[in-house]
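I have placed the structure first, in the form of structure tokens, so that the comments after it can refer back to it.
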Amino acid sequence: MQIATSTSPVEMAAGVVAGTLTPPLSALFDDLTAEFDFPAFNYSLTAPVAELSAADDFQRITMKLAVDREVILVCRLNGESATNGAEPRPGVTIDFEAVSPSARAAFIISTLKALFGLSETVNWRLPILQLDAEIRLGAPQEQVGPMLRRRKMAQLVMEIEQAFHQEFVMPASLTREEEDRITFVHAAMTERSVVWTFTEGAFTLQADQETRARLEIGNQSGVFNLEIPRWREELFGHRLRLGHASVAIENATIVNTEEVSREIERLDGHEFRVVIRSLAGEAKYGFPDAPRAPEQKPDELIEELIVLRPLLIEAFFREVNELAAGCLPDLPEEELPPPFDEEVSLVSEGDA
Amino acid sequence: MATLVASPSTLLALDTDVFTDWNKQRPHAVNAVNDYLDRMDFLPKLAAITVFEIEHGFESLIVKSGSLDQTAQQIRSKAEQLIRKCGVLDFNQQAAEIAAHIYVRLAHRYQNKHWRDVYIAATALAHGYGVATRNQSDFELIGQHLPLQYSTLLLAVWKP
């Protein structure tokens, strides 16, 4: 089985391992629906068939399922002739298509990919076509982890969209900076008080008496308590206004001291830039006015997929932990790879 | 220039000792990986040098015995699956520059002992990651010699 999307291709291999597949395509009905059962997750996905086509004397059938207004699931059945008296074993390909590059589409697709990837078997039913098949996936497991991460980011982005009444175009892959910004903005609107990794950063301050006093205290104590009237974050080309922010940075110094001294003395309220470096490694932010996370419940499909999270994480951990457990320790002693802690060096003592 | 405790939101690369603990199913490592995954929806990554160490073990067996027996092949397959699932942080140009900066500043007696830790720290720093390790003191030593633009190495200490 192959699963891919227009945004993030994933290949999975699968075959029908049990069941029958006799597609009388002439028997089409308007309300055709297909169902995927994921027994391990006690979850069932039902979607209407939006499009059905066949080629090569029905050896190849393509079925498009409207999983959501944003997501199409494309199933391709490739019939194989029986050889050597063996039963025919149709191959199945599944692709996902995002109608638009939205966070909603990314969330649904990444969740379903993880679901397919972590399910040993999936039961696929299309009663009207007498299709009742058990498909077993051989997903490339390295894709499941990134899908879980993308799923989380997409969920946070959906909540940010609702809080800020904006819609974003979600890139096919997120940079570290984008992930950091997403989690920071989300934490600002949900937790209000955020402790975040900080080593060095620039802030825009107003040249007034209060700021001068705060910087003087900071210079003396190494603790800077800054008040930022309008905190903004850029996300996917959108400017998000988080409102007033207070920032507390300990064990810190001003990097651009000359510039700051010159600017603050003007005391005319103009904005200037201060760069602060901290050895504490973190800063505390307060965002009392940030837009709040939406209280309304998500729609049914999104809610169903949200509640799958603990099961997905648990299943993924079980898989990786079984691999980890089997990696090295059961070898007889003489066949064990050299211990990692062994003194091995590419540099001889004489060279060092 | 120092090491600091990684915050709960810090992305982490596993030091080889933690990876080994996980392989041996030591509870502190299993629980820490599980907690991290539950918190981040993401597995900790491996530095490329850790992959070298893992593969070095198997390749050493091949050199010694001529080949890997079936059991060893299966174990290697599992190790490589796990590596793919975790994902690998490349030892790129940035990492090489950081490693060089640190390495030459270590006392000679530490260079041989800690060169792999230097590579792991440099790789993590280059990618904006912290390091999950059992050996805090080794990385604190390395943390004393970081380049100015990478002033802080974030550490998560995963030990019993």
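With N the number of residues in segment A:158-308, Rg(Cα) / (2.2 N^0.38 Å) evaluates to 1.21.
Hey, if we sort B:Val63, A:Val169, A:Val255 by accessible area with the 1.4 Å probe, largest down, what's the order?
On the way: B:Val63 125, A:Val169 100, A:Val255 65 Å².
Most to least solvent-accessible, the answer reads B:Val63, A:Val169, A:Val255.
Which chymotrypsin sites (Phe, Trp or Tyr not before Pro) does segment A:217-302 hold that lie in a coil by DSSP with at most 12 other beta carbons within 10 Å?
Details: sites: A:Phe224, A:Trp231, A:Phe236, A:Phe272, A:Tyr285; in loops: A:Phe236.
In loop regions of segment A:217-302 (DSSP not H, G, I, E or B), there are no sparsely surrounded chymotrypsin sites (Phe, Trp or Tyr not before Pro).
Note on segment B:1-54: Cα-only Rg and Dmax are 11.7, 34 Å. In this view, the solvent-accessible surface of A:Arg230, computed with a 1.4 Å probe and all protein chains in place, comes to about 130 Å².
If you average 1/r across every pair of different Cα atoms in segment A:110-220 and take the reciprocal, what Kirkwood value do you get, in Å?
Hydrodynamic radius (Kirkwood, Cα pairs) of segment A:110-220 is 18.5 Å.
Using heavy atoms of the protein chains and a probe of 1.4 Å, the accessible area assigned to B:Phe42 is about 30 Å². Heavy-atom accessible area, probed at 1.4 angstrom with all protein chains present, ranks B:Lys45, B:Lys78, B:Lys64 as B:Lys64, B:Lys78, B:Lys45, highest first.
Using a 1.4 angstrom probe on the protein heavy atoms only, line up A:Ile108, B:Ile62 by accessible area, largest first. Walk me through the intermediate numbers first.
Working: A:Ile108 0, B:Ile62 50 Å².
From most accessible down to least: B:Ile62, A:Ile108.
Measuring against 23 Å, Cα to Cα, the residue pairs A:Lys64/A:Lys297; A:Lys152/B:Lys45; A:Lys152/B:Lys24; A:Lys113/B:Lys45; B:Lys24/B:Lys45 contain A:Lys64/A:Lys297; A:Lys152/B:Lys24 as the ones spanning a longer distance. Ligands, DNA and RNA excluded, the heavy atoms of A:Leu301 present near 30 Å² of accessible surface to a 1.4 Å solvent probe. Panel note: the C-alpha atoms of chain B, placed on their principal axes, show extents of 49, 37, 28 Å (largest first).
The values are calculated or read from the model by the stated rules, or taken from the named source; none is laboratory data. All figures in this text were calculated on a predicted structure; none of them were measured in a lab. All Cβ positions, even for glycine, are placed from backbone atoms using ideal geometry, and neighbour counts span all protein chains on display. Heads up: the accessible areas ignore ligands, DNA and RNA and are worked out on the full protein's heavy atoms, side chains in. Shrake-Rupley method; radii C 1.70, N 1.55, O 1.52, S 1.80 Å.
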